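Just below is one structure, and these are the notes that go with it.
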Amino acid sequence: MNLLTSMGALPLLGSLLIAFLPAANSKLIKQVALAISLLVAGVGISAALAFDTAKSGFQYVERYSWIPSLGINYQLGVDGISLILILLSVILVPIVIVAGWNESENGRFSVKTFYILMLILETMMIGVFAATDVFLFYIFFEAMLVPVYFLIGGYGTEARQAAAVKFLLYSLFGGLLMLASIIGIFVISGNQGGRSFDIGVLSTLTIDSTTQNFLFLGFFIAFAIKAPLWPMHTWLPDAAKSATPGTSVLLLGVLDKVGTFGMIRYCVELFPEASKTFTPIIITLSVISILYGAFLAIGQKDIKGLIAFTSISHFGFITMGIFAMTSQGNSGATLYMLNHGFSTAALFLTAGWMMSRRGSSTIAEFGGLQRVTPLLAWSFFIAGMSSLALPGLSSFVSEFLVLVGTYTRYPVAAIIATFGIVLAALYILIPVQKALHGPTTPGNENLPDLNKREIVAIAPVIAVIIALGFYPKPALDIINPAAQATIEKAGFTDPAPLVGGDK
Amino acid sequence: MEFNAPALEYGALAPMLVIFTAAIIAVIVEAFVSAKLRAPLQLAISLGAVVLSFAQVLRLRGTQSATAAVNSVIVDGPVLFMQGTTLLLAFFAFLLIADFDAFAAQASAIPGSTEERAALQTGKVQTEVYPLTLFAVGGMMLFPAANDLITLFVALEVLSLPLYLMAGLSRRRRLLSQEAALKYFLLGAYSSAFFLFGAAFLYGFAGDVSLNGIRTAISSGGNDAFLLVGMISLSVGLLFKVGAAPFHAWTPDVYQGAPTPVTAFMAAATKVAAFGAALRIFYVALGGAVWSWKPVITAIAILTMLVGSIIAIAQRDVKRMLAYSSIAHAGFLLTGILALNQEGLKASLFYLASYGFTTLGAFALITLVRDSSGEVTDLNRWVGLAKRSPAVALIFATFLLSFAGIPLTAGFIGKFTIFTAAYDSGNIAVVVAGVLSSAIAAFFYIRVIVMMFFSDPEEDTVTVTIPSLNTNLTIWVAAIVTIALGVFPTPILDAVASLATFVR
């Protein structure tokens, strides 16, 4: 049963179908897009339910020869980490479609084009996480840029073109460095028993340490741009400010995860020795990202900029968890990716509604929303609390796991990173206070509260945030074996916990 | 002394013979057939010759002969592949040429003269471009097949001389076109002199003009000074033809000045022929002296990629931009020569074929964007093209993405295979430089896409003409090849793999 291919092909076929619908009937187009994305989400959820959590390898494996003369296969498969991310993608897409029902209206291109691009993007997202052939991964990684580029550049606010180009050039630059590394590892595999792109084969190669370091850097820089890690982050705030809220949700919630996912799947698994060499530097960069993102978030006057910088801080946590090289750190990082996806979605969607009601994205303009639009304000509040990792909400579990996992190996970094949590309280609570609880800014008195469509969109997100906060076990059950396997493949063992005082 | 008639294998030479015969017939037609009948007849002769010749190439597949014309011409896999590619490109180039709008009615008339106007009004047009193109095609087919330096030189001149003339045939902006032709001719003559000079020194070194003789002489040793001077001069001649920096200065002027169908033909097919010959010279004749030329050619390859990519950013004319892009691609193709392994040969062949089609399509598309005074090549006036003709903009974007090497286009597979070959040969510096200059190049390709899709048109004088059947066919075939070779390159990769062995 080609489950992954079917799931990936569905949105693509859907976009074809939409291409044949009359452009004038935008309601029909939206409904069809929504129906398709719901169908895909259903397939994704059933795939997750049927996933065997006792196994650690790839499941739903498919393999066909594609370009045999170059050893390229069409090869898909998921382990816990990629499954969780696919699940995140397929759930967020219908939510984004419902939440941003009207955001495609005033774009440069038609409504129809928006949903075609959105569905193509969904195919690419599924493909990029499901690919187990490095070449195939690269193709999805690069091809994904095209729909995103048009989504940002075609439907955002003022500076969208510049932001779209900046996004594209940063990503292409990283992608090309990765291409050089892919070529390198491909040639090396040819010298060791046959050219291949299969990550199972590639992870068994013996590569001398200098080469490994260079190849690692090619991959890592590409992913660090994508994730984004300080100092390669500068494209993100621009893109997030310019894109529509829905695009931003997918951009920060899913696409950036390709970076952190790539670090686990390709950097750590293919180049364990180089990962070890670079770990101190990467941990340092992560800690800088955590604090830098948090400080800049505090200083933001623009609500989209705020969310973008909080994300940079969060990606610092994720990267730190990955390179702590402990199974808790790794599980925590993966769970963090999932949770960050949902809490960012909640933040961006509610912020988007606030902005479209108020016609402004300046935080100070939203004063008094708690009284005027209680539902909207509460939603934003919960999303914010999840973002600052309040116990009981989902992000807490993952942040805790990351910090614990890091502490056992890098106590100093973990301690410094803890300040990030304190700063998070500031960057969330200050805008909450300004925007929601302060005196009502003139002009806000008659803003409407959430309508039914918006409630339908935000409710599942908040439900997931709360549910995973109290009971993260289902997600962790899927993630843990894969995280454990990654750490073992990389040749690490978890440091024994120090119990008691006698050393 | 007894004189022996040379033994010629007419069968193996058939592809070239067909083209040269057709060229001669076309000259006669040009002289004797009435003006009305000339154009359709010339087109029929040209297309017929190309098809017939291509059929001969297909018939010859698998043939390997070093004695097709007394050790002077080789027929082997790479030769046949390049001849076939050249013929396919020529076929579509003829279709573009057949839309005669780009060409001067009477190239011999002085620009702006009464003769010129009269010729335009009466429709008495000269069609010398057909025989010229046929001669150029013949030269291009001989160039990669030549097995000694004299034949190489003859082929070089046969392919170059018609091109010099063709560059000057533009109907509009004739002075610019003639200037381009003169510049091309002078620099071309200069490079021919270098080539000949190098050939003479190599003869002095080896006592033999055949590539095999030079190879044997290199392995047995000799006067290294002669070898070095010979290699350098010969390389200069070749690098000029492929448009590598610092011998690239003619490229933008000629690309811009020449009638666009000629530019399309020249950009696509000359690259194939010139790299075909360069590959044979470096792989077969000079392979033994690799340590002498590798550092220099590496430096030139890197310089070429960077010069092409960086200067292209500053271009405001779409033809000049593509000219610089072709320079950058010449740099990428040089990495295939540097690899000096079978991998490199295969990758180069694939790259040449895919690049040829994409280039042909891109220039064909440029012929469609016009205002009342002809083609519009100023990029500023391409702004907002997607709004007026989304299909044209989309196809042009596809070509640009292929040039930039984005996955799922032919350009990506080409780049991937050629860099893999270079990496395999241990030349990692060139791979890194290639990747970085690809990143730079991506910038200006994408800028054009941004202009077409994301900016509003300022003036409405630019229109997109409805393409004639010929042009339409060319563009669509090029677009389909560009995508097909990116998604499913296996047939061509397999074909290339089975053909990529030089007969020595």
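Some values worked out for this structure:
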{"read-out": "Residue among B:SER498, B:SER468, B:SER438, B:SER455 that is of a type in the set (S, T, N, Q) and closer than 22 Å to A:TYR138 by Cα", "value": "B:SER438"}
{"read-out": "Tally of residues being under 13 Å from A:PRO237 (Cβ atoms) and in contact with a Leu (Cβ under 6 Å, 6 or more places away or on another chain) across segment A:152-171", "value": "0"}
{"read-out": "The lone exception for B:GLY48 - which of (1) surrounded by fewer than 17 Cβ atoms within 10 Å (Cβ to Cβ); (2) closer than 18 Å to B:PRO78 by Cα; (3) of a type in the set (Gly, Ala, Ser) it fails", "value": "(2)"}
{"read-out": "Count of segment A:409-433 residues which are touching a residue at least 60 places away in the same chain (Cβ under 8 Å) and surrounded by fewer than 18 Cβ atoms within 10 Å (Cβ to Cβ)", "value": "4"}
{"read-out": "Scan of segment A:228-257 for residues that are of a type in the set (Val, Ile, Thr) and surrounded by fewer than 24 Cβ atoms within 10 Å (Cβ to Cβ), ordered by number", "value": "A:THR234"}
{"read-out": "In segment B:268-321, residue surrounded by the fewest Cβ atoms within 10 Å (Cβ to Cβ) [restricted to those that are in contact (Cβ under 8 Å) with a residue 60 or more places away in the chain and aromatic (Phe, Trp, Tyr)]", "value": "B:TRP293"}
{"read-out": "Sole residue being over 30 Å from A:ALA364 (Cα atoms) and among the hydrophobic types (A, V, I, L, M, F, W, C), chosen from A:PHE197, A:PHE295", "value": "A:PHE197"}
{"read-out": "Any hit, segment B:220-230, residues being in contact with a helix residue (DSSP H, G or I) (Cβ under 8 Å, 6 or more places away or on another chain), farther than 30 Å from B:SER309 by Cβ and of a type in the set (S, T, N, Q)", "value": "yes"}
{"read-out": "Leading residue by the ranking (farthest from B:ARG388 (Cα to Cα)) among those in segment B:349-374 that are part of a helix (DSSP H, G or I) and touching a Pro at 6+ places or on another chain (Cβ under 9 Å)", "value": "B:LEU349"}
{"read-out": "Residue match in segment B:213-222 (condition: buried (at least 24 other Cβ atoms within 10 Å of the Cβ) and on the phi < 0 side of the Ramachandran plot)", "value": "yes"}
{"read-out": "Any chance A:GLY107 is of a type outside the set (D, E, K, R), within 14 Å of chain B (Cβ to nearest Cβ), touching a Gly at 6+ places or on another chain (Cβ under 8 Å) and at negative phi", "value": "yes"}
{"read-out": "Residue that is in contact with a Leu (Cβ under 6 Å, 6 or more places away or on another chain) and touching a residue at least 24 places away in the same chain (Cβ under 8 Å), where the choices are B:SER326, B:SER402, B:SER354, B:SER372", "value": "B:SER354"}
{"read-out": "Residue match in segment B:168-189 (condition: at pLDDT below 90, among the basic types (Lys, Arg) and at positive phi)", "value": "yes"}
{"read-out": "Subset of segment A:465-498 [of a type in the set (A, V, I, L, M) and surrounded by fewer than 17 Cβ atoms within 10 Å (Cβ to Cβ)]", "value": "A:ILE466, A:ALA467, A:ALA496, A:LEU498"}
{"read-out": "Enumeration of residues in segment A:26-60 that are free of Cβ contacts under 8 Å to residues at least 60 places away in the same chain and in contact with a Lys or Arg (Cβ under 9 Å, 6 or more places away or on another chain)", "value": "none"}
{"read-out": "All positions within segment A:434-456 that are in a helix (DSSP H, G or I) and without any contact (Cβ under 8 Å) to a residue 12 or more places away in the chain", "value": "A:LYS452"}
{"read-out": "Filter pass, A:ILE182 being surrounded by 24 or more Cβ atoms within 10 Å (Cβ to Cβ), closer than 30 Å to B:SER425 by Cα and modelled with pLDDT of 85 or more", "value": "yes"}
{"read-out": "Residue list for segment A:60-82, restricted to those being more than 14 Å from A:ILE139 (Cα to Cα), touching a helix residue (DSSP H, G or I) at 6+ places or on another chain (Cβ under 9 Å) and away from chain B (no Cβ under 14 Å)", "value": "A:TYR60, A:VAL61, A:GLU62, A:GLY77, A:VAL78, A:ASP79, A:GLY80, A:ILE81, A:SER82"}
{"read-out": "Enumerated helices (runs of 4 or more DSSP H) restricted to segment A:255-338, each holding at least 2 residues that are under 19 Å from the mean Cα position of the chain (by Cα) and closer than 17 Å to A:GLY405 by Cβ", "value": "A:272-299, A:303-323"}
{"read-out": "Positions within segment A:434-454 being surrounded by 13 or more Cβ atoms within 10 Å (Cβ to Cβ), closer than 30 Å to A:ILE97 by Cβ and of a type outside the set (S, T, N, Q), in sequence order", "value": "A:ALA435, A:LEU436, A:LEU447, A:ASP449, A:LEU450, A:GLU454"}
{"read-out": "Filter result for the condition that a residue is surrounded by fewer than 17 Cβ atoms within 10 Å (Cβ to Cβ), in contact with a strand residue (DSSP E or B) (Cβ under 9 Å, 6 or more places away or on another chain), closer than 24 Å to B:ASP148 by Cα and touching a residue at least 12 places away in the same chain (Cβ under 8 Å), over B:THR63, B:THR67", "value": "B:THR67"}
{"read-out": "Listing of helices (runs of 4 or more DSSP H) fully contained in segment B:29-125 that carry 1 or more residues being touching a helix residue (DSSP H, G or I) at 6+ places or on another chain (Cβ under 6 Å) and hydroxyl-bearing (Ser, Thr, Tyr)", "value": "B:35-60, B:77-98"}
{"read-out": "Complete set of residues in segment B:388-397 that are in contact with a helix residue (DSSP H, G or I) (Cβ under 7 Å, 6 or more places away or on another chain) and away from chain A (no Cβ under 11 Å)", "value": "B:VAL392, B:ALA393, B:ILE395, B:PHE396"}
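The values are calculated or read from the model by the stated rules, or taken from the named source; none is laboratory data. Model, not experiment: these values are computed from the prediction. Note that we place each Cβ from the backbone using ideal geometry, even for glycine, and neighbour counts take in every protein chain shown.
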